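Student: Supplied in structure tokens, the structure appears directly below.
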Amino acid sequence: MKLTKEEQEMLSGKQGNAVKKSMEILTALGDIFGAERLIDVKSVQIAGVSYHNLEEAGLEFLEEMAKDGKAKVFTTLNPAGMDLKEWQKLGISPEFAEKQLKVIEAFSKMGVKTTCTCTPYLIGNRPKKGDHIAWSESSAVCFANSVLGAYTNREGGPSAIASALTGKTPEFDLHLDKNRQAQVIVEVKTPLKTLTDWGALGHAIGEKAGKKIALITGVKKADEDSLKIFSASIATYAGAAIFHIEGITPNKTVKPKERIEIAAQDLAKSKAFLTDASEVDIIAVGCPHCSLAEMETIAKALEGKKVKKEFWICVSREIKDKAAEKGFVKKIEASGAKIACDTCMAVAPLKGRFKGLATNSAKAIFYGRGKNSFKTIFCDLDKCIEEATR
Ligand code: F3S
């Protein structure tokens, strides 16, 4: 890879140890993937924030980088393993909380904005079309590339930190237009009316088209919450980091020859696959983290009701604060449901505490089954609330 004079100095250690280590990570990645140069990024989003995933070795790495590393571009974090303020209410142990707060402290020392969310684009880390960025969270990467028209690979935790501390990323794969072109047309032959329809679509595309980049046709309209939940699902079940929807998403693409169809029975099949429980003891919505509009819908749906089971609504702190101003938080909490800020049902240490999860998110089903061995019910918000209140 060709490095500029400044980049060579960074690699030699002139800007300190953390920058040197970061450049070693980025140049090694660039060499492996055949990048010719490093490019500047406008923002970074770092995953691997939960102490549950990092453990002691991860915390040590962060503390080492925080000794002299400072973020050069706007950087936010993915969800942590707990609500950073009200962790007790979610049943988190003091030992875990102590370690998690050390992780956050290390990021804070690096000048990272310690807001922990998988929907940074809802709280000010929202790139413009054409911006190059270095994000890690798979659903956010897919949303940024596809819906916002930004350019990012799916970074690992260490490479995202390296980009934050240098403002650089190696130019390969999805930073180049030639690698963002559709490979299969996915003709949707059935209306998409609910969030679970969109979640099921992501699963069905994974089943029928595998990892090929999809150009989806036949969809008349899509609001941002639908695209948010779809990005999470297609990233999870089709490994997608980008998709195109004709007439809706902003990127230009070639029209591939290969074509598949998704009909009503394909969505029904996916929904059936995503449900394997008849009873649950935890209900969770907000995967990816809720928008303000979703918080309003949830508040209205819970008004006057009492939940009898653990019920988490996962959201960023900024959206929670806005929802509080509008009175949504009060209504939600009056029902007994818990607002799980800064965290989510996948990265919090929930294994062994619950057996069955009901959720409107196909991605949450994947992690609930894989990480926590939950049985699952995949259903829309009204059914989630029915489950919680009966
Ligand atoms: Fe976000 Fe957690 Fe879902 S990180 S996308 S709420 S699994």
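The values are calculated or read from the model by the stated rules, or taken from the named source; none is laboratory data. None of the values given here were measured: they were computed from a predicted structure. Backbone-built Cβ (ideal geometry, glycine too); neighbour counts: all protein chains shown. Remember, those area values only see protein heavy atoms, side chains included, never the ligands or the DNA or RNA. Shrake-Rupley method; radii C 1.70, N 1.55, O 1.52, S 1.80 Å.
Student: Can you pull out every residue in the range 51-75 that is surrounded by fewer than 24 Cβ atoms within 10 Å (Cβ to Cβ) and within 16 Å of the ligand (Cβ to nearest atom)?
Tutor: His52, Asn53, Leu54
Student: State yes or no: is Leu101 within 12 Å of the ligand (Cβ to nearest atom), of a type in the set (A, V, I, L, M, F, W, C), open to solvent by 10 Å² or more (accessible area, probe 1.4 Å) and farther than 18 Å from Glu155 by Cβ?
Tutor: Criteria not met by Leu101.
Student: So, one more: Just give me the residues in the range 311-325 being surrounded by fewer than 24 Cβ atoms within 10 Å (Cβ to Cβ) and either in contact with a Gly (Cβ under 9 Å, 6 or more places away or on another chain) or in a strand (DSSP E or B) (or both), in sequence order.
Tutor: Residue satisfying the conditions is Glu318 alone.
Student: When the residues of the range 288-303 are filtered to those that are in contact (Cβ under 8 Å) with a residue 60 or more places away in the chain and more than 21 Å from Phe143 (Cβ to Cβ), which remaining residue is least open to solvent (accessible area, probe 1.4 Å)?
Tutor: Leu302
Student: Can I ask one more? Is there a residue being part of a strand (DSSP E or B), farther than 30 Å from Met1 by Cα and open to solvent by 20 Å² or more (accessible area, probe 1.4 Å) anywhere in the range 204-212?
Tutor: The answer is no, given that none of the residues of the range 204-212 is part of a strand (DSSP E or B), farther than 30 Å from Met1 by Cα and open to solvent by 20 Å² or more (accessible area, probe 1.4 Å).
Student: Could you say which residue among Ala284, Ala241, Ala264, Ala268 is of a type in the set (A, V, I, L, M) and within 28 Å of Lys338 (Cα to Cα)?
Tutor: Going through Ala284, Ala241, Ala264, Ala268 in turn, just one is of a type in the set (A, V, I, L, M) and within 28 Å of Lys338 (Cα to Cα): Ala284.
Student: Applying the selection to the range 262-277, what residues are over 23 Å from Val307 (Cβ atoms), open to solvent by less than 20 Å² (accessible area, probe 1.4 Å) and assigned to a helix (DSSP H, G or I)?
Tutor: Residues satisfying the conditions are Leu267, Ser270.
Student: Return yes or no: is Leu165 of a type in the set (A, V, I, L, M), within 16 Å of the ligand (Cβ to nearest atom) and either outside the structural domain of Ser316 (by TED's automatic domain parsing) or open to solvent by 10 Å² or more (accessible area, probe 1.4 Å) (or both)?
Tutor: It is false that Leu165 is of a type in the set (A, V, I, L, M), within 16 Å of the ligand (Cβ to nearest atom) and either outside the structural domain of Ser316 (by TED's automatic domain parsing) or open to solvent by 10 Å² or more (accessible area, probe 1.4 Å) (or both).
Student: Identify the single condition in (1) in a helix (DSSP H, G or I); (2) on the phi > 0 side of the Ramachandran plot that Gly336 does not satisfy, given that it satisfies every other one.
Tutor: Checking Gly336 against (1) in a helix (DSSP H, G or I); (2) on the phi > 0 side of the Ramachandran plot, the one that fails is (1).
Student: A further question on this structure: What pairs can you find where one residue is in the range 315-327 and on the phi > 0 side of the Ramachandran plot, the other is of a type outside the set (S, T, N, Q), and their Cβ atoms are less than 8 Å apart, with a gap of 6+ or different chains?
Tutor: Correct list of pairs: Gly327/Ala299.
Student: Taking the residues in the range 251-261 that are open to solvent by 50 Å² or more (accessible area, probe 1.4 Å) and of a type outside the set (Asp, Glu) as candidates, determine which candidate is nearest to the ligand (Cβ to nearest atom).
Tutor: For the range 251-261, the residue satisfying everything is Lys252.
Student: Report the residue count in the range 132-147 for those that are open to solvent by 10 Å² or more (accessible area, probe 1.4 Å) and more than 16 Å from the ligand (Cβ to nearest atom).
Tutor: Residues meeting the conditions: 1.
Student: What's the total number of residues in the range 278-300 that are within 25 Å of the chain's Cα centre (by Cα), away from the ligand (no atom under 16 Å from the Cβ) and not in a helix (DSSP H, G or I)?
Tutor: Result for the range 278-300: 2.
Student: Continuing with the same structure: Determine which member of the set Lys331, Lys308 is in a helix (DSSP H, G or I), among the basic types (Lys, Arg), over 27 Å from Tyr51 (Cα atoms) and more than 20 Å from the chain's Cα centre (by Cα).
Tutor: Lys331
Student: Mind counting the residues in the range 343-373 that are of a type outside the set (Gly, Ala, Ser), more than 13 Å from the ligand (Cβ to nearest atom) and in contact (Cβ under 8 Å) with a residue 60 or more places away in the chain?
Tutor: Number of matching residues: 4.
Student: Now a separate question. Residues to consider are Gly48, Gly30; find the one that is touching a residue at least 24 places away in the same chain (Cβ under 8 Å), open to solvent by less than 40 Å² (accessible area, probe 1.4 Å) and closer than 20 Å to Lys113 by Cβ.
Tutor: Of Gly48, Gly30, the one residue that is touching a residue at least 24 places away in the same chain (Cβ under 8 Å), open to solvent by less than 40 Å² (accessible area, probe 1.4 Å) and closer than 20 Å to Lys113 by Cβ is Gly48.
Student: All but one of (1) modelled with pLDDT of 95 or more; (2) over 20 Å from Ile365 (Cβ atoms) hold for Gly304; which doesn't?
Tutor: Every listed condition holds for Gly304 apart from (1).
Student: Which residue, of Cys142, Cys118, is of a type in the set (A, V, I, L, M, F, W, C), part of a loop (DSSP other than H, G, I, E, B) and within 25 Å of His244 (Cβ to Cβ)?
Tutor: Going through Cys142, Cys118 in turn, just one is of a type in the set (A, V, I, L, M, F, W, C), part of a loop (DSSP other than H, G, I, E, B) and within 25 Å of His244 (Cβ to Cβ): Cys118.
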